[in-house]
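The values are calculated or read from the model by the stated rules, or taken from the named source; none is laboratory data. Please read all numbers here as calculations on a predicted model, not as lab measurements. Here the Cβ positions follow ideal geometry from the backbone for every residue, glycine too, while neighbour counts run over all protein chains shown. Side chains included, ligands, DNA and RNA excluded: accessible areas come from the protein's heavy atoms. Shrake-Rupley method; radii C 1.70, N 1.55, O 1.52, S 1.80 Å.
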Amino acid sequence: MFLSVFDMFKVGVGPSSSHTMGPMVAAARFLDVLRAAPFEFHGLRASLHGSLAFTGIGHATDRATILGLAGFLPDTYDHAKAETTLAAIRENGHVQPEGLPRLQFDPREDLRFDFGPNLAGHANGMILMATDGQGDVLMQETYYSIGGGFVMTEAELAAGKDTDDGAPVPYPFKSASEMLEMAQTSGKSIAVMKQANEIARGGADGLARGCARIWQVMNACIDRGLTSDGILPGGLNVKRRAKSIHDALQAERGMNLNAPHTINDWMSAYAMAVNEENAAGGQVVTAPTNGAAGVLPAVIRYWLDHVPGATTTRIDEFLLTSAAIGGLVKFNASISGAEAGCQAEVGSAAAMAAAGLCAVMGGTPEQIENAAEIALEHHLGMTCDPVKGLVQVPCIERNGLGAIKAVSAASLALRGDGTHLVPLDSVIETMRQTGADMNEKYKETSLGGLAVNVPNC
């Protein structure tokens with residue numbers, strides 16, 4: 001099993017990795033299929049299923065699908081160009097992606113939200129079709145957006161989650177127990193083992209550059225969020241709060257009357273800044289998803305700005321350790337809110353952040369595993385019930401609390417020697433089982449929970 005740090009941390013666009021980035025990536029993949037096909041295509045159609053239908057409008061899934069079929073990609077997304085392109089498509093009823101002829105695509109007729117049963121493979125399903133001049137389907141593919149911006153075709157999903165045809169890696173752990181055993185045998189840290197795996201696949205230079213870009217985008221997102229105010233789009237009239245909280249905290253600095261728990265407000269401000277940017281459709285990094293994108297960068301920023309001895313030279317160690325834990329969660333359970341609720345998103349993010357912080361604070365592999373276990377264990381059962389299908393309530397504040405839990409989990413683990421009753425593997429399996437048993441209305445459909453008990457206007 002190998003999941004790269006760049007699988008877990010992807011530069012993209014808000015508000016959702018599974019509902020925005022995933023459909024955009026799926027559309028781009030479909031265009032590649034069409035470019036390689038011998039047929040002459042005249043039009044495109046798309047249908048969105050399951051959670052992509054139920055919360056698609058709030059998560060901008062329709063917008064992402066349209067732009068993806070026009071040739072846009074998350075990591076090179078240009079907001080101004082996207083707005084111009086969308087307006088033209090809605091007016092003219094066609095797209096013209098590079099390498100293909102002009103294709104008929106009127107979103108009002110050719111993009112359908114199907115509110116029937118989920119497709120068989122995953123709660124986030126979509127079908128893309130290419131038609132001839134008579135409107136008959138020449139090519140069709142089913143895609144599943146399985147969380148964190150990962151996309152698989154129906155055939156790929158059916159082939160099994162453990163398919164990995166890349167070059168061998170020196171430390172191929174697929175469970176936390178294997179990870180700890182390899183660390184003990186080799187005498188290496190989790191980050192060093194993960195680094196060796198990454199270099200075996202992509203080389204040292206690419207790893208260093210990629211990690212530097214990940215943190216640069218994360219940190220810039222925090223900074224934008226801390227200096228932006230106003231009302232978030234979508235109709236809930238949610239007010240941005242990160243800036244006002246941060247301004248107040250800065251004004252209070254140096255005062256002797258501050259309560260110790262004020263540090264929680266700093267962490268919340270950093271996390272909320274990211275998720276307010278995400279809700280506004282800004283550039284974020286999946287960590288491991290957009291809906292949970294604020295937890296990990298908030299914990300890094302807390303460490304850098306508030307913990308004595310912290311240094312940016314160890315950010316790679318933080319990211320590599322976090323990615324190792326995130327890979328275990330994704331491989332053995334899920335990071336998709338539509339599949340397993342918010343325990344799979346903010347819970348996974350908290351586990352990753354707790355592990356990363358524990359590592360840079362000098363934790364042993366056993367303490368790091370314990371930190372991840374504590375953080376994930378205390379998110380078990382958390383539902384995904386976004387009000388009006390928007391990644392705003394309760395998502396923005398939830399990232400702040402996830403960051404606080406991550407720091408607490410790391411601190412508790414560092415106070416121990418790494419021995420504990422419940423293994424991380426057991427918590428991951430419990431999360432998987434809980435997600436399987438969870439009622440569908442609590443899995444990113446906005447059909448239950450806060451989504452139906454809070455006025456949507």
Run down the lysines and flag those whose C-alpha is under 23 Å from the C-alpha of K239, throwing out any fewer than 8 positions away in its chain. K388
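Determine, from the Cβ-Cβ distance of D229 and V137 and an R0 of 45 Å, the FRET efficiency 1/(1 + (r/R0)^6), rounded to the nearest 0.05. Write out the running numbers ahead of the final one.
Working: r = 48 Å, r/R0 = 1.06.
Here the calculated transfer efficiency is 0.40.
For the range 1-89, what is the Kirkwood estimate of the hydrodynamic radius, computed as the reciprocal of the mean inverse distance between distinct Cα atoms, to one decimal in Å? Before the final figure, lay out the partial values.
Numbers: mean 1/r = 0.0714 Å⁻¹.
Answer for the range 1-89: a Kirkwood hydrodynamic radius of 14.0 Å.
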So the carbon and sulfur contribution to the accessible area of the range 334-457, 1.4 Å probe, in percent, is 56 percent
Note: K174 to A204 extended length (0.36 nm per residue) minus current alpha-carbon separation gives 8.5 nm
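Kirkwood hydrodynamic radius, the chain, all distinct C-alpha pairs: what's the number in Å?
Values: mean 1/r = 0.0450 Å⁻¹.
Averaging 1/r across every pair of different Cα atoms and inverting gives 22.2 Å.
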Those aspartates and glutamates that a straight Cα-Cα span of less than 17 Å connects to K441, excepting residues fewer than 8 apart in one chain: D114, E339, E345, D385
How big is D, in µm² s⁻¹, for the range 367-457 by Stokes-Einstein at 37 °C and 0.692 mPa s if Rh is the Kirkwood radius over C-alpha pairs? 226 µm²/s
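Could you tally the net charge around V360, taking each other residue with its Cβ under 12 Å from the Cβ of V360, Lys/Arg +1 and Asp/Glu -1? Don't jump to the answer; show the numbers that get you there.
On the way: positive: R314; negative: D316, E317.
With Lys, Arg at +1 and Asp, Glu at -1, the neighbours total -1.
With the other protein chains left in place, how much accessible area per residue, in square angstrom, belongs to the chain at a 1.4 angstrom probe?
Values: 18350 Å² over 457 residues.
Accessible surface, normalised per residue, equals 40 Å².
Go through 107-120, 206-219, 357-370, 404-417 and give me the packing order, highest mean Cβ count within 10 Å leading. Working shown, then result.
Working: 107-120: 14.2, 206-219: 17.6, 357-370: 24.4, 404-417: 20.8.
Highest mean packing first, the order is 357-370, 404-417, 206-219, 107-120.
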Simple spin-label estimate for V192/A80, 7 Å along Cα→Cβ, in nm, reads 4.9 nm
At q = 0.17, 0.27, 0.28, 0.31 Å⁻¹, what log₁₀ I(q)/I(0) does a Debye calculation on the Cα points of the range 349-402 give, no solvent, two decimals? -0.59, -0.98, -1.02, -1.13
Pairwise label distance in nanometres, V307 with A159, each label 7 Å out on the Cα-Cβ vector: 3.9 nm
Taking only the alpha-carbon positions of the range 297-451 and ignoring solvent, what does the Debye formula give for the base-10 log of I(q)/I(0) at q = 0.10, 0.11 Å⁻¹? -0.33, -0.40
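Percent of alpha carbon pairs in the range 224-318 separated by more than 16 Å? Each step should come with its number before you reach the end.
Details: 2657 of 4465 pairs.
Across the range 224-318, Cα pairs with separations above 16 Å total 60 percent.
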Compare the peptides 304-310, 166-172 by average per-residue count of other Cβ atoms within 10 angstrom and give them in order, highest first. 166-172, 304-310
Sorted by packing (mean other beta-carbon atoms within 10 Å per residue), highest first, where do 287-298, 389-400 land? 287-298, 389-400
